[in-house]
Amino acid sequence: MSEDQSAMRPVPTMRDIAAAAGVSQSTVSRVLSGAPTAVPIAPETRQRVLRTARELGYRPNPLARGLRGASTNLIGAVVRDFSDPFFAGAIEALVTESMAHGYNVVLGHAPGRLGDAALSLTTVLETRHTDAVVLLGDMQEHPQLLVDLRNSIVPVVALWPGTSPREFPTVDADDRAGIQAGLSHLVSLGHQRIAFVNAELPGEYRAREEAYLDFMRERFGAVPPGYAERSPSTLAGGDAALRRLMDRPDPPTAVAASTDVVAVGVLHAAHSVGVRVPDRLSVVGFDDILIAAHTVPALTTVRMPISEIVGYAVTQAVGLAREPADAQRRPTLEIFTPDLIVRDSTAPPAPR
């Protein structure tokens, strides 16, 4: 059969499967939905229906299933920023984990400051189209979205919510512990003049910067003036911040960054101005995005446990989706601790 003929072939329905398998349409529906039945279906009948469905090329319509109140086996995911390499890794983990639970993922973008009209609510969040919703990132810039979700019967799980209020079951990382691990590593190498570049994130999320300030005050009594830099969460932002730091009369011997994206910008600037890493400057990032292991030199960083966080969130979302629609859902918080990954961008400070 040609591709054109195949494309023109009618889409098989449950009625077609029932006729081919010699059973009732209600039996086909019960077998394909996987729903428990008061009257058991014989194993050989179940296998015959499934085999016939495969042979006919039957594909269930998840939206139609949703209209009937059945599970659509879809998880809606709203992502704060598709362009951020961190969220790219999180999306990949979300798709992998969801498929392991028998679910597919429908993605929606929450672009910064473009308004809730930019969200495809009808295809991602509408209660009949998804069994659960996962939020990736701080959504405070989209208050109407949060209102819609708050009033929805669909369960919602929030990941890395930043400064957003904890009104849904939430999974996050211990950012303070991660920053402390990176800074403790630098101190163990002998560094004292440690600067910090904080990527500006939605909601003015500065937990990692505050962890740096507290660490330096507790360990050294004060933060050297001008050592706490802020920058856009971009490569260029990290590049510009490092240039400002190295122009100081007392430049740092080490720089910690609140994200790997900023840290890679720091590495680029160091190379551009002739500051060898790690001979003259040690650099530590945060997140362990894919590129971190392939920079030159390879970036020492704090690894965000993305797979563990996403795996826990998907398991929670699926579990909540199987509860009765009127079940009471209380906000919860599960925290995972990041790990330090030591690579080639850190070393003892050069003798003065």
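The values are calculated or read from the model by the stated rules, or taken from the named source; none is laboratory data. Worth saying up front: this structure is predicted, and the values here are computed from it rather than measured. All Cβ positions, glycine included, derive from the backbone under ideal geometry; neighbour counts span all protein chains shown. Side chains included, ligands, DNA and RNA excluded: accessible areas come from the protein's heavy atoms. Shrake-Rupley method; radii C 1.70, N 1.55, O 1.52, S 1.80 Å.
Share of the chain's accessible area from carbon and sulfur, percent, 1.4 Å?
Within the chain, the accessible surface is 54 percent carbon and sulfur.
For Cα Rg over 2.2 N^0.38 Å, the listed values are [x] 1.08; [y] 1.26; [z] 1.01; which was obtained by calculation from the structure presented?
[y]
Where only protein heavy atoms count, and the probe is 1.4 Å, what is the accessible area per residue for the chain in Å²? Provide the component values of the computation, followed by the final result.
Working: 17370 Å² over 352 residues.
About 49 Å² of surface per residue is accessible.
Using heavy-atom solvent-accessible surface (probe 1.4 Å) with all chains present, what is the largest-first order of R208, R244, R280?
R280, R244, R208
Full extension from I335 to S83: what is 0.36 nm times the residue separation minus their Cα-Cα distance, to one decimal in nm?
88.2 nm
Report, in debye and to the nearest 20, how large the dipole of the chain comes out about its Cα centre when Lys and Arg carry +1 and Asp and Glu carry -1 on their Cβ.
Result for the chain is approximately 600 debye, rounded to the nearest 20.
Taking the Cβ of E55 as the centre, find all other residues whose Cβ is under 11 Å away and add up their charges (Lys, Arg: +1; Asp, Glu: -1).
With Lys, Arg at +1 and Asp, Glu at -1, the neighbours total +2.
Sorting H271, H101 by accessible area (1.4 Å probe), largest first, what list results?
H271, H101
Just add up the charged neighbours of Q25: K/R +1, D/E -1, any other residue whose Cβ is under 13 Å from the Cβ of Q25.
+1
With unit charges on the beta carbons (Lys and Arg positive, Asp and Glu negative) and the dipole taken about the Cα centre of segment 215-352, which residue among P224, L320, H294 sits farthest to the positive side?
P224
Just for the chain, what percent of DSSP beta bridges are antiparallel, to the closest 5?
10
Once the whole set of protein chains is in place, how much accessible area is left on I341, using a 1.4 Å probe, in Å² to the nearest 10?
Its accessible surface works out to 30 Å², give or take rounding.
For F82, what accessible surface area do you get with a 1.4 Å probe? Give it in Å², rounded to 10.
90
Given the whole protein assembly as supplied and a 1.4 Å probe, what does the accessible area of D16 come to in Å², nearest 10?
Approximately 70 Å² of D16 is accessible to the 1.4 Å probe.
Which angle between 0 and 90 degrees, to the nearest 10, do you get for helix 235-246 versus the longest principal axis of the chain when only C-alpha atoms count?
Relative to the chain, helix 235-246 is tipped by roughly 20 degrees.
Using helices alone, what [θ] at 222 nm do you get for the chain, with -39,500 (n - 2.57) per DSSP H run of 4 or more residues, divided over all residues and rounded to the nearest 500?
-12000 deg cm²/dmol, from helical runs alone.
What is the sum of charges around I341, taking Lys and Arg as +1, Asp and Glu as -1, for the other residues whose C-beta is under 14 Å from the C-beta of I341?
Local charge sum for I341: -3.
Is the shape of segment 197-288 best called rounded, prolate or oblate, per the rule: a/c under 1.5 gives rounded, else a/b larger than b/c gives prolate, else oblate, with a ≥ b ≥ c the square roots of the Cα gyration tensor eigenvalues?
Taking the square roots of the gyration eigenvalues as a ≥ b ≥ c, segment 197-288 is oblate.
Label V273 and A350 with points 7 Å out from Cα along Cα→Cβ: what is the distance between them in nm?
In this crude spin-label approximation the distance works out to 1.4 nm.
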